[in-house]
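This report concerns only the one structure given below.
The values are calculated or read from the model by the stated rules, or taken from the named source; none is laboratory data. Owing to the predicted nature of the structure, the values given are computational and were not obtained by experimental measurement. All Cβ positions, glycine included, derive from the backbone under ideal geometry; neighbour counts span all protein chains shown.
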């Protein structure tokens, strides 16, 4: 070996050594999620890919599965006290509460540029926004759509007019067959009609509007279906709906992706977007959308690194894995341009359905809505109260609860 | 009280202890109050400057060269505020800055750097706060943020508005705060010494009469506390007065400076400034104590002074009560008796200490926290407030309890008959009592009945029966609850199928209060029988066969044997089981929550599920805590009563 080469090698070695010394110290970021089965495997795969790509920079993402029921409460309890993960994945329903309580989740408007924002389905970003500030990047969404038994249904209804005609012809109360089965007495499921009539839970300025005209009209329509057209089963529940569909006794079900896993082997089912509502002037049924977002916690020591991962995990590459292997419906709209995702019979329909979906309110006050609204729904469906009376009562209760919570200290 | 020190010595010691507690705490509170006033004064003066600055910046448009000119002029005029930074949300830009780091290539205007994210987030937070307050028509969220700065001063931030919407932020820092005034210890020490001397003189006159000594000590304590209170009030009032003069001076000075800035940066007419609005609170509401001319509004100030006196009286009053407790505790010999017991049973206390400590940490502290919470108004919005706020800002006293217990609108009579108010605690309590009594009565009756059958000698396959009967108990009760809920389904439930088989019309179980409650009770009855059966069976088997033999020899009938032998022998086992079972059933959350969920319209809620809904659906933590304390009180009263009536728990 000549002197020159030796010198060059030494120099190279010294440069390498100094480079290694300059490389960032290892950073470990923890993310909590509540995935199981296929979703968990797909998610782990995404994380492994990211870690492999980032091996040189010393950043390593560690996942920790936490049961879904416990995750939000653990976050609420741990993060404000300086414990907990750097990131976590959860739906938008607790978002408002976390912001109002403070010290829990990190606003990310500062990081997010327009290009990043634009790659998501618009309403999913809206779900992650509270009082004008963005708190998470949307990961995936769940919406109610129409699931039907291909053997029973020859023509997919596009409007409620068609739906009623078809459903009536498929209903036979004596043998317990129903044209349509869904948990219509549940406020969440009923939202598909309520929102079609322009109703809902809160208006744009966060005021409760349970007794608004749209809600009244939507319930009038539901009562017509239940009492006059009689194509709905009494006292519906998820268990009942599943049982009816699996026994071939319900032709059409309105439900979300969680329902698909419940369908029995051998039932040949198809998906289609929810029909439009003739009674609401041809407006589409509008389901409430639940969006899961990737949040950065307020206590994280490595927010920049965390955001880099959040950005990666909501990008096309990760979204494709989550869609095809995890069977999620990604909030990233660019991934649907991929033929494998875009032509998937299930994902395709959910992608269509999301166009009419509206995000479920992420206000903390939403939790006060459920009990009064459910009571009102039950009373109306069971005819122990009039539509206006029950909704008026529920509105009164919610207004009172909201007033007591928002009371000025 | 025959042995130990004399009464006069003991009361002297008690008085000293009480004075140390009472006067010491008062002094501590006074030091704190003065430090707080010192801080508040600096903050108010800084706010006046900040509000003046914001007005200048807003006039200059909040962005661009005009804003930079205004900020530079302002900084030159006033050295009170340092590190003035103006941020515009649009384009994340730093529009102006007088911070020492922001020179050279970091000089404004430029885009905010990554590490300046907190500044941007703060601006967004203020924007959201203002929008929220406007929407709700209230002042709930602070519109100006004040935090301690790194240099020992204050860091303040105010929103910058343009045409009614928040477009940016003005952040400033102040120079380090002046040190808190020194509060001398001379006065409290003199008070303490004089008080003890007076007591000693009086004690010589009174002699060893316990009642008279106690009275003297009490009078001396009260007078001493009163003196300390007056002293504290005078000092705090003087501090407040000097604060107000300082703020008034600041307003006048700031107005003069502002006029110069307006002229220098050509920001229009200096006569159109709003100095009256500069002395404002964190919600940007003018305090109104200092008028536009820099004069104090005497009426408002008198009100302010009254409030200060009242709050001093409240704080010192509570210390006086504490001191009084110490006086009684030591003076009447409770303290020395406790000391004696501790010394005598040293070993026993040492052994139980770990358990006691564990209980303290895991049971009593959370319990205590719950009780404190019940006197506060904590909700989701205030859940991250520091614990001290529970006693100050969030404290509502007995309001939660009066709201809960004082609401007697159980029903209103309308044209359509009585309309029950299912949210009322007395309705819920009634339901809870029906629920508990029915369940326990059925559980005991049926459990005893089955146990008697199973206890038959030579019964074939007894182990199998026992296993079968215990099964419902072995299953997680929420699974049982969900299965039973399914059985009560209107269309597909087994009960309605049976009813239809016999030609009846199906019942919609959860539509009416009575049927809904029945469904819950039926479910819980199924769950409560096995426990009672196991207890009874165990007790039955421990009854000696000799007793029955002797009874038979004496010619007793089966019924007489049951009444005179079986039942009395069962009592020691059954009574505690019934007490436990009542408490469990009273708080049996799962069944109600899962089977009826309170339907219809909260009418079948029991107290514990109702408390849950207040806490986790309505996020009214304080109210829910008070509700839980009420439940605890009811159960405590029941437990004491039950113990008194039976005296049965002594035997086990």
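Structure above, values below:
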item	result
Residues (more than 25 Å from the chain's Cα centre (by Cα) and surrounded by fewer than 13 Cβ atoms within 10 Å (Cβ to Cβ)) located in segment B:400-429	B:409, B:412, B:413, B:414, B:415, B:416, B:417, B:418, B:419
Search result, residues across segment A:43-69 that are surrounded by 13 or more Cβ atoms within 10 Å (Cβ to Cβ) and either without any contact (Cβ under 8 Å) to a residue 12 or more places away in the chain or in a helix (DSSP H, G or I) (or both)	A:43, A:44, A:45, A:46, A:47, A:49, A:50, A:51, A:54, A:57, A:68
Qualifying position, being over 41 Å from the mean Cα position of the chain (by Cα) and under 30 Å from residue B:214 (Cα atoms), among B:26, B:6, B:78	B:6
Residue in segment A:291-301 that is touching a helix residue (DSSP H, G or I) at 6+ places or on another chain (Cβ under 6 Å) and either in a helix (DSSP H, G or I) or within 27 Å of residue A:200 (Cβ to Cβ) (or both) present	yes
Residue within segment B:310-318 that is farther than 24 Å from residue B:31 by Cα, surrounded by 14 or more Cβ atoms within 10 Å (Cβ to Cβ) and within 34 Å of the chain's Cα centre (by Cα) present	no
Sole residue being part of a loop (DSSP other than H, G, I, E, B) and either more than 14 Å from chain A (Cβ to nearest Cβ) or surrounded by fewer than 17 Cβ atoms within 10 Å (Cβ to Cβ) (or both), chosen from B:556, B:573	B:556
Leading residue by the ranking (farthest from the other protein chains (Cβ to nearest Cβ)) among those in segment B:592-608 that are crowded, with 22+ Cβ neighbours inside 10 Å and assigned to a helix (DSSP H, G or I)	B:607
Flag if residue B:589 is surrounded by fewer than 16 Cβ atoms within 10 Å (Cβ to Cβ), under 30 Å from residue A:380 (Cβ atoms) and either in contact with a strand residue (DSSP E or B) (Cβ under 8 Å, 6 or more places away or on another chain) or more than 14 Å from chain A (Cβ to nearest Cβ) (or both)	yes
Where residue A:118 falls short, out of the listed (1) more than 14 Å from chain B (Cβ to nearest Cβ); (2) touching a residue at least 60 places away in the same chain (Cβ under 8 Å); (3) closer than 30 Å to residue A:338 by Cβ; (4) within 19 Å of the chain's Cα centre (by Cα)	(2)
Tally of residues being assigned to a helix (DSSP H, G or I), away from chain B (no Cβ under 14 Å) and touching a helix residue (DSSP H, G or I) at 6+ places or on another chain (Cβ under 9 Å) across segment A:164-190	5
Helices (runs of 4 or more DSSP H) wholly inside segment A:323-409 containing at least 2 residues that are under 20 Å from residue B:135 (Cα atoms), within 11 Å of another protein chain (Cβ to nearest Cβ) and without any contact (Cβ under 8 Å) to a residue 12 or more places away in the chain	A:387-406
Test for residue B:581: is it more than 26 Å from residue A:397 (Cβ to Cβ) and assigned by TED's automatic domain parsing to the domain that holds residue B:428	yes
Matching entry among A:72, A:40 (being within 20 Å of the chain's Cα centre (by Cα), closer than 15 Å to residue A:295 by Cα and part of a helix (DSSP H, G or I))	A:72
Qualifying residue in segment B:360-376 (condition: in contact (Cβ under 8 Å) with a residue 12 or more places away in the chain and not in a helix (DSSP H, G or I))	yes
The lone exception for residue B:141 - which of (1) surrounded by fewer than 17 Cβ atoms within 10 Å (Cβ to Cβ); (2) under 24 Å from residue B:377 (Cβ atoms) it fails	(1)
Which listed residue, of B:266, B:245, is out of contact with any helix residue (DSSP H, G or I) (no Cβ under 8 Å at 6 or more places or on another chain) and outside any helix (DSSP H, G or I)	B:266
Members of segment B:609-624 that are surrounded by fewer than 23 Cβ atoms within 10 Å (Cβ to Cβ) and in contact (Cβ under 8 Å) with a residue 24 or more places away in the chain	B:621
Condition met for residue A:132 (surrounded by 15 or more Cβ atoms within 10 Å (Cβ to Cβ) and within 14 Å of chain B (Cβ to nearest Cβ))	no
Residue list for segment A:314-325, restricted to those being over 15 Å from residue A:124 (Cα atoms) and crowded, with 23+ Cβ neighbours inside 10 Å	A:318, A:322, A:323
Search result, residues across segment B:466-494 that are without any contact (Cβ under 8 Å) to a residue 40 or more places away in the chain, in contact with a helix residue (DSSP H, G or I) (Cβ under 6 Å, 6 or more places away or on another chain) and farther than 17 Å from residue A:185 by Cβ	B:487, B:494
Residue B:65 away from chain A (no Cβ under 14 Å), crowded, with 19+ Cβ neighbours inside 10 Å and farther than 15 Å from residue B:156 by Cα	no
Pairs, first outside the structural domain of residue B:469 (by TED's automatic domain parsing) in segment B:444-455, second modelled with pLDDT of 85 or more and in a helix (DSSP H, G or I), C-beta under 8 Å, six or more apart	none
Out of A:297, A:290, sole residue that is within 14 Å of chain B (Cβ to nearest Cβ), touching a residue at least 60 places away in the same chain (Cβ under 8 Å) and either surrounded by 16 or more Cβ atoms within 10 Å (Cβ to Cβ) or over 19 Å from the mean Cα position of the chain (by Cα) (or both)	A:297
Selection status of residue B:202, part of a helix (DSSP H, G or I) and modelled with pLDDT under 95	yes
Counted residues, segment B:377-395 - those being within 10 Å of chain A (Cβ to nearest Cβ) and either assigned to a helix (DSSP H, G or I) or touching a strand residue (DSSP E or B) at 6+ places or on another chain (Cβ under 7 Å) (or both)	5
All positions within segment A:172-209 that are more than 21 Å from the chain's Cα centre (by Cα), farther than 19 Å from residue A:390 by Cβ and surrounded by fewer than 21 Cβ atoms within 10 Å (Cβ to Cβ)	A:172, A:173, A:174, A:175, A:176, A:177, A:205, A:207
